[in-house]
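> Dropping a structure here in structure tokens format, bear with me for questions.
The values are calculated or read from the model by the stated rules, or taken from the named source; none is laboratory data. The structure displayed is predicted, hence computed values, not measured ones. Cβ placement follows ideal geometry from the backbone for every residue including glycine, while neighbour counts extend to all protein chains displayed.
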Amino acid sequence: MAFLKHNGRTLCYRLLGDGDKPLLVLAHPLGMTQGVWDNMIPALLGKFRVMTWDLPGHGASAAWPDQSDEITPEDLAEETLALVAVAGAEKFHFVGTSIGGAIGQQLISQHPGRLISATLTNTGAVIGTPEAWNTRSANVLELGLSTMAVDIVPRWFGPTACDQQPALVEGWRVIMGRGDDRSYALLCEMLGRVDYRKRLGEHRVPLQLIGGSDDVATPPETLKTLAHCSGAQEPIILERVGHVPSVECPDQFSEILINNLG
């Protein structure tokens, strides 16, 4: 791991692999950490230089500052580009899952010239409703992530992954429970505001969408709506996979990226 000071906050990131290879930036889901990519990185390093990082208040990245009461997609896109600058890359491939997919949509709409390609998984142009996200934000601030994780984490994974890895849910409950409550709550509120349905129609970034057949948070129909409003091809739907393909089927996900990214 390495650390970068950006806008007064410390970001935890990893930059791995040969600097002569194209840079692949990976953005993790809400409530998780950059550890979601661990089982994919060995395969990806054969073709890419790989960068991962922890979102605000997640993993080893510092919490969002107290003097700021809002996190915006622009903030997270700027954070991404600050990390890319560390790698010395002008252009890069981007892969984002869930909220990571929202960051990807912001990059597509705001900085398309920086992207070689974008792969967005288990996400949507709109995710859920503002009411639901604001309710979750309020509950997290009242109850804490360690309590909320009991109900949230089981929704991330499909039955197949849970059956084959009995400790999976409990392990990620521990990780989520260690996050910063306020940062998570602000990110929830951000997700309640984002709407990219009218912002992606004119982009020229090669875009690939991937979902899971058993994803209850962003089901296949959500990905199909995103495909329609972004001009992307129909999403690849991974069978018996929930919300986090990098954890549930890392080999399959890696193969898709290696075969499809130029």
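> Of all residues being in a loop (DSSP other than H, G, I, E, B) and of a type in the set (Gly, Ala, Ser) in segment 229-262, which is modelled with the lowest pLDDT? Just the residue, please.
Ranking the qualifying residues of segment 229-262, first place goes to Gly262.
> Just the residues that are in contact with a Leu (Cβ under 8 Å, 6 or more places away or on another chain) and crowded, with 20+ Cβ neighbours inside 10 Å, please, taken from segment 67-81.
Once the filter is applied, which keeps residues that are in contact with a Leu (Cβ under 8 Å, 6 or more places away or on another chain) and crowded, with 20+ Cβ neighbours inside 10 Å, segment 67-81 yields Ile71, Leu76, Ala77, Glu79, Thr80.
> I'd like the full set of residues that are closer than 19 Å to Thr33 by Cα, part of a helix (DSSP H, G or I) and either among the small types (Gly, Ala, Ser) or without any contact (Cβ under 8 Å) to a residue 40 or more places away in the chain (or both), limited to segment 163-193.
Those that are closer than 19 Å to Thr33 by Cα, part of a helix (DSSP H, G or I) and either among the small types (Gly, Ala, Ser) or without any contact (Cβ under 8 Å) to a residue 40 or more places away in the chain (or both): Val169, Glu170, Gly171, Arg173, Val174, Gly177, Ser183, Ala185.
> Okay, moving on. Whether any residue in segment 68-84 is touching a Ser or Thr at 6+ places or on another chain (Cβ under 6 Å) and of a type in the set (D, E, K, R) is what I want to check.
The answer is no; no qualifying residue exists.
> Hey, among Trp53, Trp64, which residue is surrounded by 17 or more Cβ atoms within 10 Å (Cβ to Cβ), farther than 26 Å from Pro112 by Cβ, at pLDDT 95 or above and among the aromatic types (Phe, Trp, Tyr)?
The unique qualifying residue is Trp64.
> Could you tell me whether segment 215-223 includes any residue that is assigned to a helix (DSSP H, G or I) and more than 18 Å from the chain's Cα centre (by Cα)?
Yes, segment 215-223 contains at least one residue that is assigned to a helix (DSSP H, G or I) and more than 18 Å from the chain's Cα centre (by Cα).
> May I ask you to list pairs of residues, at least six apart or on different chains, whose Cβ atoms are under 7 Å apart, with the first in segment 9-33 being touching a residue at least 40 places away in the same chain (Cβ under 8 Å) and the second being surrounded by fewer than 18 Cβ atoms within 10 Å (Cβ to Cβ) and part of a strand (DSSP E or B)?
Short answer, once both residue conditions are applied: Thr10/Phe3; Leu11/Phe3; Leu11/Leu4; Cys12/Phe3; Tyr13/Ala2; Tyr13/Leu4; Leu15/Ala2; Pro22/Ile116.
> Name the pairs whose Cβ atoms lie under 8 Å apart, with the first residue in segment 217-241 and within 24 Å of Asp251 (Cα to Cα), the second of a type in the set (Lys, Arg), and 6 or more positions between them or separate chains?
Ala217/Arg155; Glu234/Lys224; Pro235/Lys224
> Related question: Please work out which one of (1) closer than 23 Å to Glu90 by Cβ; (2) more than 17 Å from the chain's Cα centre (by Cα); (3) not polar (S, T, N, Q) is the condition Val50 fails and give its number.
All conditions pass for Val50, except number (2).
> Among the residues in segment 199-209, are any part of a helix (DSSP H, G or I) and surrounded by 16 or more Cβ atoms within 10 Å (Cβ to Cβ)?
No, because not a single residue in segment 199-209 is part of a helix (DSSP H, G or I) and surrounded by 16 or more Cβ atoms within 10 Å (Cβ to Cβ).
> Quick one: in segment 67-87, of everything that is in a loop (DSSP other than H, G, I, E, B) and touching a residue at least 60 places away in the same chain (Cβ under 8 Å), which residue is farthest from Gly100 (Cα to Cα)?
Asp69
> Then there's this: Quick test for you: out of Thr123, Thr129, pick the one residue that is of a type in the set (Ser, Thr, Tyr), crowded, with 22+ Cβ neighbours inside 10 Å and within 25 Å of Ala232 (Cα to Cα).
Thr123
> Only one of Thr97, Thr33, Thr52, Thr10 is over 21 Å from Trp172 (Cβ atoms) and not acidic (Asp, Glu). Can you tell me which?
Only one candidate passes the filter, namely Thr10.
> Looking at Asp195, Asp151, can you tell me which residue is more than 23 Å from Pro245 (Cβ to Cβ), modelled with pLDDT of 95 or more and not hydrophobic (A, V, I, L, M, F, W, C)?
Asp195
> Checking the condition in contact with a Gly (Cβ under 6 Å, 6 or more places away or on another chain) and in a helix (DSSP H, G or I), which residue from Asn139, Asn134 passes?
Of Asn139, Asn134, the one residue that is in contact with a Gly (Cβ under 6 Å, 6 or more places away or on another chain) and in a helix (DSSP H, G or I) is Asn134.
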